[in-house]
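The values are calculated or read from the model by the stated rules, or taken from the named source; none is laboratory data. Source: prediction; values computed, not measured. When we count neighbours, we look across all protein chains shown, and the Cβ atoms used for this are built from the backbone with ideal geometry, even at glycine. Please note that ligands, DNA and RNA were not included when accessible areas were found on the heavy atoms of the full protein model with its side chains. Shrake-Rupley method; radii C 1.70, N 1.55, O 1.52, S 1.80 Å.
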Amino acid sequence: MVHSSLAVLVIDENRIRASIIEAGLREAGHERVTVIHDVAGIARRIAEIEPDVIVIDLENPNRDMLENMFQLSRAVKRPIAMFVDRSDQASIEAAVEAGVSAYVVDGLRQERVKPILDMAVSRFNAFSRMARELEEARSELENRKVIDRAKGILMKSRGLSEEAAYTLLRKTAMNQNRKISEIAQSLVTAAGLLGPLEGE
Amino acid sequence: MTAAHQITAGFMPLFDSAVLVAAGEMGFAAREGVELKLQRETSWANIRDRIAIGHFDVAHMLGPMPLACSLGLTPIASETIVPFSLGLGGNCITVSNTVWDGMAAHGAEPDLDPARAGAALGALIRERVGAAREPLRFAVVHPHSGHNYELRYWLAACGIDPDRDIEIVIVPPPFMADALAAGRIDGYCVGEPWNSAAVAAGTGHIVTVKALLWRNSPEKVIGVRKVWAEQNPQALAALLRALHHSARWCQDPTNRTELAELMADARFLGQKPAVQMPVLSGHLALGGGAERAIEDFFVPFDKAANFPWKSHALWFYTQMVRWGQLPHTPQNLAIARDCYRPDLYRSALKPLGVALPGANAKVEGALKAATPVGSAGASLVLGPDGFFDGQIFDPDQIEAYIAGQKHA
């Protein structure tokens, strides 16, 4: 397989994103993938790895330094260029939007490298989606916690069963056209102001 | 009500983005019907790439960078033009305490004199060669930057070959002081406040400044995607008028406190207002208790500071050729000549009745004193513009200038 002969260097301080890009490259058949999180001492590493392709996070403030090093490095004798075809504005935009920029040694044919970028971009999008879902799950968990506390307060102060307490919260939310978690938060805040009702 | 023009502008966290930042934040853009969206970037490469692919319409750029874009020296070549300069001066050359001690032992004084400091550095370098020590490592912000060219110009004029006698690396501006403190570099050339930051931290000494290497010399500019400029001439003209008013406000000493506070905001520099004062007042602490006031240290408006002189672009071009970044050909020279656009500056500002130079280029280094020049509108005075080694750059004598350039 042609692709597997490429040595790919991924430089990304974000370990989760880097590992997802790495996994994507491996899935696509690229076995010689090296991931670097820290640019300290990178000149020596580049000399060791002799990468055909360098994928670097666009937000890395060391981009100017790395770019210059790639151009001067004796390990990578030829100039480095952004590998997306210059006429292909859409792909470049997609790469930049995704926060991924990729560089390849001049002379490597684009068709061999394009799948790498495609994969890097789709992997990055997957990372963004995962991060978003993680955030949603976290806030969902927070909401559930606050609802549980509100139920506890109602059960204790009004002598309600758990089910009745939840029904009361839901009914209040519907009447006021608000979320249950908001009603629960108000109740918890009010209880906190009124005194140690929860007995925690 | 929405503004007549929406313009997205990228900038780097450096004080010389002030004219652009203040245009957006102090209402100058809004008054011209421009909604200016400012976006901070983390690297010059990002600024360059994002303007090339149309994420930014305009950007705070290194003066030589639009030349590099238009000449195809960058990964994505793009036609980028310069209709406005963001000011003159503002950079310093700073070294570590250890290097300063070594220079002082060879006659350097805390007086910012480029010739004296350069001679001392040269003696220190020769001493290190004799002791078989590693070459000193200096950092600049980008290969296509005024910093790279002024550091090299200074060294070469003092008999130091910047390619053979020292090593030059690239470090992002906000990391310079830390890299110096950690011993990863021995010196650097960068804009403020990143020199005063090292002095304040007690880890660096300022040895000379841009204003003494080449007085009233060009630094940052507004780079504009050429296609966008052609499609949006009214938006560009409105922006240039807003920048003109903003630059005038930035130059006014009575606004210094307000400007320092604005730039100190976490959205811009995130450094205390006090750190912004040296660039505004020209009164620098050099390290070790020494202080010095420098005339024309940073000029955001006066002395035709915003006029995009073709002679500035052409000088950058000669340095690109000098340091092997580009071969000198008639085609390359023509691209360099067309990159800075005084015509766009003139047509945008003409309705304001302000002073506009009559010429597009000037002989750099010829003015020894402030000089009134022929202009349209009000009278215009140019500042002295001498190179520290007495050289003169005549843009009509490019061939001779290039032929006469030395590496050390």
Neighbours by Cβ (under 8 Å, 6+ apart or cross-chain): first from the stretch B:135-149, at the interface with chain A (Cβ under 10 Å from one of its Cβ atoms); second acidic (D, E) and part of a helix (DSSP H, G or I): B:V141/A:D64; B:H142/A:D64
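Which residue is nearest to the other protein chains (Cβ to nearest Cβ), if the candidates are limited to the stretch B:172-185 and must be in contact with a Phe, Trp or Tyr (Cβ under 7 Å, 6 or more places away or on another chain) and either aliphatic (A, V, I, L, M) or buried (at least 20 other Cβ atoms within 10 Å of the Cβ) (or both)? Steps first, please.
Keep residues of the stretch B:172-185 that are in contact with a Phe, Trp or Tyr (Cβ under 7 Å, 6 or more places away or on another chain), which gives B:173-174, B:176-177, B:180, B:185.
Within this subset, residues satisfying the condition of being either aliphatic (A, V, I, L, M) or buried (at least 20 other Cβ atoms within 10 Å of the Cβ) (or both) are B:173, B:176-177, B:180, B:185.
Details: B:P173: 9, B:M176: 11, B:A177: 14, B:L180: 15, B:I185: 11 Å.
So the residue we want is B:P173.
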Given (1) assigned to a helix (DSSP H, G or I); (2) open to solvent by 10 Å² or more (accessible area, probe 1.4 Å), number of the condition B:W194 does not satisfy: (1)
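State the number of residues belonging to the stretch B:62-78 that are over 18 Å from the mean Cα position of the chain (by Cα) and either within 12 Å of another protein chain (Cβ to nearest Cβ) or assigned to a helix (DSSP H, G or I) (or both).
Applying the first criterion (over 18 Å from the mean Cα position of the chain (by Cα)) to the stretch B:62-78 yields B:70-78.
Narrowing the set further to residues that are either within 12 Å of another protein chain (Cβ to nearest Cβ) or assigned to a helix (DSSP H, G or I) (or both) leaves B:70, B:72-78.
Qualifying residue count, the stretch B:62-78: 8.
When you scan the stretch A:12-28, how many residues do you find that are surrounded by 15 or more Cβ atoms within 10 Å (Cβ to Cβ) and under 10 Å from the mean Cα position of the chain (by Cα)? Explain how you work it out, then say what you get.
Taking the stretch A:12-28 as the starting set, the residues that turn out to be surrounded by 15 or more Cβ atoms within 10 Å (Cβ to Cβ) are A:12-14, A:17-22, A:24-26, A:28.
Filter once more, keeping what is under 10 Å from the mean Cα position of the chain (by Cα): A:14, A:17-18, A:20.
Here the count works out to 4.
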Leading residue by the ranking (farthest from B:R215 (Cα to Cα)) among those in the stretch B:54-80 that are open to solvent by less than 10 Å² (accessible area, probe 1.4 Å) and touching a Cys at 6+ places or on another chain (Cβ under 7 Å): B:T80
Selection count, the stretch B:1-23, where residues are under 16 Å from B:V58 (Cα atoms) and open to solvent by 30 Å² or more (accessible area, probe 1.4 Å): 3
B:P351, sole failed condition from (1) modelled with pLDDT of 80 or more; (2) open to solvent by less than 60 Å² (accessible area, probe 1.4 Å): (2)
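Any residue at all in the stretch B:99-107 that's more than 23 Å from the chain's Cα centre (by Cα) and assigned to a loop (DSSP other than H, G, I, E, B)?
Keep residues of the stretch B:99-107 that are more than 23 Å from the chain's Cα centre (by Cα), which gives B:99-107.
Filter once more, so that each one left must be assigned to a loop (DSSP other than H, G, I, E, B): B:106-107.
Within the stretch B:99-107, one or more residues are more than 23 Å from the chain's Cα centre (by Cα) and assigned to a loop (DSSP other than H, G, I, E, B).
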Unique residue being more than 20 Å from the chain's Cα centre (by Cα), modelled with pLDDT under 80 and in a helix (DSSP H, G or I) when the list is A:R112, A:R123: A:R112
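How about the stretch B:48-61: which of its residues are at the interface with chain A (Cβ under 10 Å from one of its Cβ atoms) and either without any contact (Cβ under 8 Å) to a residue 24 or more places away in the chain or at negative phi (or both)? Explain how you work it out, then say what you get.
Just the residues of the stretch B:48-61 that are at the interface with chain A (Cβ under 10 Å from one of its Cβ atoms), to begin with: B:48-50, B:52-55.
Hits for the stretch B:48-61 are B:R48, B:D49, B:R50, B:A52, B:I53, B:H55.
Go through B:V169, B:V140 for me and flag whichever is touching a strand residue (DSSP E or B) at 6+ places or on another chain (Cβ under 9 Å), buried (at least 22 other Cβ atoms within 10 Å of the Cβ), aliphatic (A, V, I, L, M) and closer than 21 Å to A:A43 by Cβ.
On the way: B:V169 fails: buried (at least 22 other Cβ atoms within 10 Å of the Cβ).
Exactly one of B:V169, B:V140 is touching a strand residue (DSSP E or B) at 6+ places or on another chain (Cβ under 9 Å), buried (at least 22 other Cβ atoms within 10 Å of the Cβ), aliphatic (A, V, I, L, M) and closer than 21 Å to A:A43 by Cβ, namely B:V140.
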